[in-house]
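Nothing in this text is a laboratory measurement; each read-out follows from the coordinates by a stated rule. Not measured: the values here are computed from a predicted model. Here the Cβ is made from the backbone with ideal geometry for all residues, glycine too, and neighbour counts use every protein chain on show.
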Amino acid sequence: MISAIPLIGGIPAGPELLIILLVLVLLFGANKIPKLARSTGQAMGEFRKGREQVEEELKDMQDGEQADSTLDDEDDEFDDLETETDKETSA
């Protein structure tokens, strides 16, 4: 049985996580880490809102296209009725 080996390591745990946290504290200082986490969370929230708006607009556009196609079909039927009545009145 062959197991899949990821090209990039999995989620760091144990000693790797401690090393990453130590490097973050050394780079940014203990005071700025909560601010960075907060701003990252806010940015993710804004991104999520923007994505939802785009998805909603795309859905509205698709619904509009479907409604337009049904209206076009109804217009074609109406045009057919007009030509039939024109034929009857001219005969």
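So if each residue of separation counts as 0.36 nm, and I subtract the Cα-Cα distance between GLU56 and GLN42, what length gain in nm does that give?
Length difference between fully extended and current span is 2.9 nm.
If you take every residue apart from GLY41 with its C-beta less than 12 Å away from the C-beta of GLY41, what net charge results, scoring Lys and Arg +1 and Asp and Glu -1?
On the way: positive: LYS35, ARG38, ARG48; negative: GLU46.
Around GLY41, the charge tally is +2.
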